[in-house]
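Below is one structure, written out as structure tokens; comments come after it.
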Amino acid sequence: METRLLAQRAAVEASIQEALDRLRLLDTTIERLRKDEKQMNYDVTIKTLPERQVASVRQILPCYDREGDLWHIFVRETALLHIQDGDPALCISVYHDGEYKEADVDVEIQKTVKGTYPDTEHVKFKTIPPVTVASATFQGPYRQIGEVNQAVASWVEDNGYAFDGLFFNIYHVSPHETRNPEEFVTEVCYPVRKR
């Protein structure tokens, strides 16, 4: 009798383990669907940005929210240079840490320019080579940026590309043009190459 009960117990344990495995599979599938649903909200494209002349300011900032400090330095130090905007006129932020950090972030801002100008104390003029990027553009507040970064990074990994440089954002409509965060238009870009 004990042997039979032990056999039944083993069968029940096996059934429980099977059910737990099915639950884990369902949880994984649900999580993947949620992830795919988020990614579907952003249209990721591959494009090449041409070579461009930029004015650049790079510093270590206490946090990402202080990026505006770099733009203030840029405006202050270039006011008397009468800089002509590049064509297209792009305002870009490059993140040199290569990953998200809570503090002491290495950020560079760039604005495309036409012509040549002397460097100032903090503003450096340089040529940026062409770069192929995977990008997604979104409208609205910057609080979405983490989700958009995840969507683009996942797309890169899932579509036969490899990361090939520092990620950056292009601000098509920024606080410089509007005070309404719902009107901001930002493009998240990851330099890539085919695997």
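The values are calculated or read from the model by the stated rules, or taken from the named source; none is laboratory data. All values derive from a computational prediction rather than experimental measurement. Cβ sites come from the backbone with ideal geometry, for glycine too, and all protein chains shown count toward neighbours.
Worth pointing out:
- Scanning segment 33-49 for any residue that is at pLDDT 85 or above, crowded, with 16+ Cβ neighbours inside 10 Å, assigned to a helix (DSSP H, G or I) and of a type in the set (V, I, T) turns up nothing.
Residues checked against (1) at pLDDT below 95; (2) among the hydroxyl-bearing types (S, T, Y); (3) not assigned by TED's automatic domain parsing to the domain that holds D119:
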| position | (1), (2), (3) |
| --- | --- |
| T28 | yes, yes, yes |
| A55 | no, no, no |
| H82 | yes, no, no |
| Y100 | yes, yes, no |
| D104 | no, no, no |
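- Residues that are exposed (fewer than 13 other Cβ atoms within 10 Å of the Cβ) and more than 15 Å from V192 (Cα to Cα) were ranked within segment 141-169; the one that is nearest to the chain's Cα centre (by Cα) is G146.
- On the stretch given as segment 147-175, residues that are within 19 Å of N41 (Cα to Cα) and in a loop (DSSP other than H, G, I, E, B) total 1.
- Condition met for I60 (in contact with a His (Cβ under 6 Å, 6 or more places away or on another chain), at pLDDT 95 or above and in the same structural domain as A136 (by TED's automatic domain parsing)): no
- Qualifying residue in segment 129-140 (condition: farther than 17 Å from V188 by Cα, surrounded by fewer than 17 Cβ atoms within 10 Å (Cβ to Cβ) and modelled with pLDDT of 95 or more): yes
- Filtering segment 76-117 to residues that are assigned to a loop (DSSP other than H, G, I, E, B) and in contact with a strand residue (DSSP E or B) (Cβ under 8 Å, 6 or more places away or on another chain) leaves I83, G86, D87, P88, A89, L90, H96, D97, D104, G115, T116, Y117.
- None of S135, S174 is of a type in the set (S, T, Y), closer than 29 Å to L81 by Cβ, in the same structural domain as F74 (by TED's automatic domain parsing) and in contact (Cβ under 8 Å) with a residue 60 or more places away in the chain except S174.
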